[in-house]
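The values are calculated or read from the model by the stated rules, or taken from the named source; none is laboratory data. Please read all numbers here as calculations on a predicted model, not as lab measurements. Note that we place each Cβ from the backbone using ideal geometry, even for glycine, and neighbour counts take in every protein chain shown.
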Amino acid sequence: MIWFAMLFVGGTVAEWIIVKPKQKFQDWAVQLVLLGMTVFFAVLVETDVWPQLDPLEPLKAVFMPMTEWIYNHV
Amino acid sequence: MNIKISRVQLVFLLVWGILGTGTITIPFAIARFTVRDGWIVALMFMVTVVFAAGIVWLFNRSFPEGSLFDAFDKAFGRYVGRAASLFGVLWAYVFMCMLVRELNLFVEVTILPKTALYIINFSIAVAFTYAVYSGIEVIGRLAEVFTIVILAAYIVLFFLPLRVADVHLLLPLVSSGWKPILRAAINPDISFALELIAALQFLHLVKDRNKIAKDVLIAGTIITAILLMIDVMVIIVLGPASTYLAFPGLEVVRSIRYGQFIERLDTILVMIVLITMFLKFSLFHFILCDFLRYSFNLSSAKLIAIPAGGAVWAGSLLLFKNGADLQKFMLFVTPVWFTVVLIGVPGTAMAAWMIRKRFIS
């Protein structure tokens, strides 16, 4: 999976080299953060750290009780 | 911005923006709670459509010029507006991951059981990333071209099983009361229908913005009609068995058998569903990239199409461990979460703008 993540990195670098878009500091920063997320997430899945993590826990903690309340009260 | 999409393109984008995954997941979400009265849930979809069209109309009336993001700037000021739009970024990112995970579950079950999930995800991520990189007008044209084929295929595939249908399965009406019907309506009629509010993203991109609320109504009516057709077929062909199936719509098409040659048409449905999913993913990936562009003051949304596609590709596997986890999230988190983001953010913007106009200006 990490190799596939590197394809996204390669695609973005190829765009920088071939298209040569004019970029501000923020453009570089956001692109690098997103590519970092791609590789980092791929590493987490590849190394099986994946099943022990639940990054959606905060969303579930906030919204699941409210939705369940609606299901129970309609 | 000079790029514009026509009203027809917007309507088709909205239709497939809901039905892209809705065709396969809405009958499942309904069948979890009710079987015989599922068609009533499909009809009730129209209630939220009217509500969503109302929000779009009000928003366009409050901010008659500029884009959704110009409206955020006006209502909240530049910095708070950008901070508020981070809710949109988070929503669009998790939503995209959810959609891609839905696709790989569907593809794994139906056509590629032995292929690694990340390869399935990668194939679709490349496709929608390229579509967004090409621009919204390309996505609009694709929606326009594919719609004729998709609609024709839906009509043929969902009417052919009539031979094995039993209309009596629709009766008696409301036999278990309204409770299961209302419970079944929570996911499709809130989470899915509110996605129509995504039309706000196209305020400055559509040729005639004053008719955008009408376009949402038209799209909602088409979606309701298609959902009604699919759900009635699920009820009269599969009956109570639909409760135990992950993809009831697909099973309906699998039941087609005429003579020795016309059978296994579910492959055609899989292809059609994948096209509609591609349109949906392209639409919401565009929205994700555009929200990122605004939130971080980037030069263009196109620049981040590829890296954001990568983040969605990897995130879809990291955030949702398996089918059960995804279904739980879809049924028990998205209804309230979508309500808060899709009604809360534009609603707060309108309220803030009213207050600013009245007391500050």
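Does segment B:81-89 include one or more residues that are closer than 30 Å to B:PHE128 by Cα and either outside any helix (DSSP H, G or I) or at pLDDT 90 or above (or both)?
Taking segment B:81-89 and keeping what is closer than 30 Å to B:PHE128 by Cα, we get B:81-89.
Now drop any that are not either outside any helix (DSSP H, G or I) or at pLDDT 90 or above (or both), which leaves B:89.
Yes, segment B:81-89 contains at least one residue that is closer than 30 Å to B:PHE128 by Cα and either outside any helix (DSSP H, G or I) or at pLDDT 90 or above (or both).
Do we have any residue at all in segment B:190-207 that's of a type outside the set (A, V, I, L, M, F, W, C), surrounded by fewer than 19 Cβ atoms within 10 Å (Cβ to Cβ) and either modelled with pLDDT under 90 or closer than 21 Å to B:ALA153 by Cβ (or both)?
Taking segment B:190-207 first, the residues of a type outside the set (A, V, I, L, M, F, W, C) are B:191, B:195, B:201, B:204, B:207.
So of that shortlist, the ones also surrounded by fewer than 19 Cβ atoms within 10 Å (Cβ to Cβ) come out as B:204, B:207.
Restricting the remaining residues to those that are either modelled with pLDDT under 90 or closer than 21 Å to B:ALA153 by Cβ (or both) gives B:204, B:207.
Scanning segment B:190-207 turns up at least one residue that is of a type outside the set (A, V, I, L, M, F, W, C), surrounded by fewer than 19 Cβ atoms within 10 Å (Cβ to Cβ) and either modelled with pLDDT under 90 or closer than 21 Å to B:ALA153 by Cβ (or both).
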### Query
Just checking, how many residues over segment B:319-335 are in contact (Cβ under 8 Å) with a residue 12 or more places away in the chain and surrounded by 20 or more Cβ atoms within 10 Å (Cβ to Cβ)?
8
### Query
Which helices (runs of 4 or more DSSP H) sit wholly inside segment B:278-361 and have at least 1 residues that are over 26 Å from A:ALA14 (Cβ atoms), facing chain A (nearest Cβ under 8 Å) and of a type in the set (Gly, Ala, Ser)?
none
### Task
Just one of (1) loosely packed, with under 14 Cβ neighbours inside 10 Å; (2) more than 8 Å from chain B (Cβ to nearest Cβ) trips up A:PRO21, so point out which.
(2)
### Query
Do we find that A:PRO55 is at the interface with chain B (Cβ under 8 Å from one of its Cβ atoms), assigned to a loop (DSSP other than H, G, I, E, B), over 18 Å from B:SER191 (Cα atoms) and not charged (D, E, K, R) in this structure?
yes
### Task
Can you give me the number of residues within segment B:70-92 that are crowded, with 21+ Cβ neighbours inside 10 Å and aromatic (Phe, Trp, Tyr)?
2
### segment A:30-47, residues that are hydroxyl-bearing (Ser, Thr, Tyr) and facing chain B (nearest Cβ under 8 Å)
A:THR38
### Query
List the pairs whose first member sits in segment B:98-110 and is farther than 17 Å from B:GLU251 by Cβ, whose second member is outside any helix (DSSP H, G or I) and not hydroxyl-bearing (Ser, Thr, Tyr), and whose Cβ atoms are under 7 Å apart, counting only residues at least 6 apart or on separate chains?
B:MET98/B:PHE320; B:ARG101/B:PHE320
### Task
Residues being part of a loop (DSSP other than H, G, I, E, B) and within 21 Å of B:ALA324 (Cβ to Cβ): count how many of those fall in segment B:115-158.
2
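If I filter segment B:158-180 down to residues being buried (at least 21 other Cβ atoms within 10 Å of the Cβ) and under 24 Å from the mean Cα position of the chain (by Cα), which single residue comes out as farthest from B:VAL41 (Cα to Cα)?
Here is the first cut: in segment B:158-180, the residues buried (at least 21 other Cβ atoms within 10 Å of the Cβ) are B:158, B:161, B:180.
Restricting the remaining residues to those that are under 24 Å from the mean Cα position of the chain (by Cα) gives B:158, B:180.
Working: B:PHE158: 19, B:PRO180: 10 Å.
For segment B:158-180, the residue satisfying everything is B:PHE158.
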